[in-house]
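For reference, the structure discussed in these notes is given below.
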Amino acid sequence: MNLKNYLTKAQKEHWAIGQFNFSTIEQLRGILSAAKETKSPIILGTSEGESSYLGLEETIALFEISKKKYNVNAFLNFDHGRNLDLVKKAVDFGYNCVHFDGSSLSFENNISETKRIVDYAHKKGVLVEGELGKIEGESKLHREEVKVKQENLTSPDDVFKFVKETKVDSLAVSIGNIHGIYRKEPGIDFERLKDVSKKSKAYLVLHGGSGIMPKDIRKAISLGIVKININTELRIAWKESLIKSLKALDKEARPYKILSQSEDSVRKITKEKIKLFTNPNL
Ligand code: 13P
């Protein structure tokens, strides 16, 4: 099955596919092991920063080889692409889907730029995720509270036109979800999600999955979310186990001894998330 088949299946059966971001080989392996152990399809994501750290060609090569080795149904998404040339490169190099983030553009420009990417990507069989509204925050631990600006939320009235004119496959929505983990999360605006769902034929994507309570994740899935992005929780798990290893193995210098613990902690979190997303009734 291709990614579109899985997203359609998820839409019909009310579950969601997780997108898990990575920028190191331990994270990649931890995520793929979790997919293998749960026998679940999975999306791996790399942002502009993550893929430029690894190198775009290297990211694709690593992904393709590892996917075969782990024998899992895994797909690669270019996350929050803002630079059109870079997004096109990701399409050319073999990403399965690209997220074009036109959220800083005016509504009309977001439509026209997203459409350009859709025309380009669809010719090569690559799916496109658009973004309407602006998802705030950054994928890290924040000490402060956050208030989401009303003007940044997805307007249900714009959804129909955006999806119809751009022909995006998926749509990232801003409904109180934010990137990163804050001292107090703003909470999901479920009424807005209901209204957006009614207006959208596109697959709905919930960014900023870290820090959202399981009961809210379940409810979001029941109201039409079919893809959920997770990054911060994996980054924190990776970093905390690295700090632990460095302390415990203070005489050790072999990177493969020090870094291997991080793979396991990423695997554990990813597994929990996959279980939550694929069995929302549990
Ligand atoms: P979190 O960092 O909050 O999990 O969000 C990740 C994300 O949405 C990537 O696009």
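For V148, are the conditions met, namely being farther than 26 Å from L44 by Cβ, β-branched (V, I, T) and outside any helix (DSSP H, G or I)? Walk me through how you get there before you give the answer.
Numbers: farther than 26 Å from L44 by Cβ: yes; β-branched (V, I, T): yes; outside any helix (DSSP H, G or I): yes.
Criteria met by V148.
For the structure I just gave you, tell me whether T59 is at pLDDT 95 or above, within 17 Å of V205 (Cα to Cα) and either of a type outside the set (A, V, I, L, M) or outside any helix (DSSP H, G or I) (or both). If you could, list the steps in order and put the result at the bottom.
On the way: at pLDDT 95 or above: yes; within 17 Å of V205 (Cα to Cα): no; either of a type outside the set (A, V, I, L, M) or outside any helix (DSSP H, G or I) (or both): yes.
No: the conditions fail for T59.
Tally time: how many residues in segment 201-210 are crowded, with 22+ Cβ neighbours inside 10 Å and either away from the ligand (no atom under 16 Å from the Cβ) or basic (K, R) (or both)?
Here is the first cut: in segment 201-210, the ones crowded, with 22+ Cβ neighbours inside 10 Å are 202-210.
Filter once more, so that each one left must be either away from the ligand (no atom under 16 Å from the Cβ) or basic (K, R) (or both): 202.
Of the residues in that region, 1 qualify.
State the number of residues belonging to segment 22-56 that are touching a Phe, Trp or Tyr at 6+ places or on another chain (Cβ under 6 Å), part of a helix (DSSP H, G or I) and surrounded by fewer than 24 Cβ atoms within 10 Å (Cβ to Cβ). Qualifying residue count for the region: 2. Counting just the residues of segment 35-46 that are within 15 Å of the ligand (Cβ to nearest atom) and in contact (Cβ under 8 Å) with a residue 40 or more places away in the chain, which one comes out farthest from R82 (Cα to Cα)? Across segment 35-46, the extreme among qualifying residues is I42.
You will find that of N152, N96, the residue that is within 22 Å of K227 (Cα to Cα), surrounded by 15 or more Cβ atoms within 10 Å (Cβ to Cβ) and either more than 16 Å from the chain's Cα centre (by Cα) or within 16 Å of the ligand (Cβ to nearest atom) (or both) is N96 and no other.
Take the conditions (1) within 12 Å of the ligand (Cβ to nearest atom); (2) assigned to a loop (DSSP other than H, G, I, E, B); S104 misses just one of them, which is (1).
If I ask for residues that are of a type in the set (K, R) and farther than 21 Å from K219 by Cβ, which ones from segment 5-40 would you list?
R29, K36, K39
Just so you know, in segment 110-130 the residues that are touching a helix residue (DSSP H, G or I) at 6+ places or on another chain (Cβ under 8 Å) and part of a strand (DSSP E or B) include one that is surrounded by the fewest Cβ atoms within 10 Å (Cβ to Cβ), and it is L127.
The values are calculated or read from the model by the stated rules, or taken from the named source; none is laboratory data. All values derive from a computational prediction rather than experimental measurement. Neighbour counts are summed over all protein chains in view; Cβ atoms, including those assigned to glycine, are modelled from backbone coordinates with ideal geometry.
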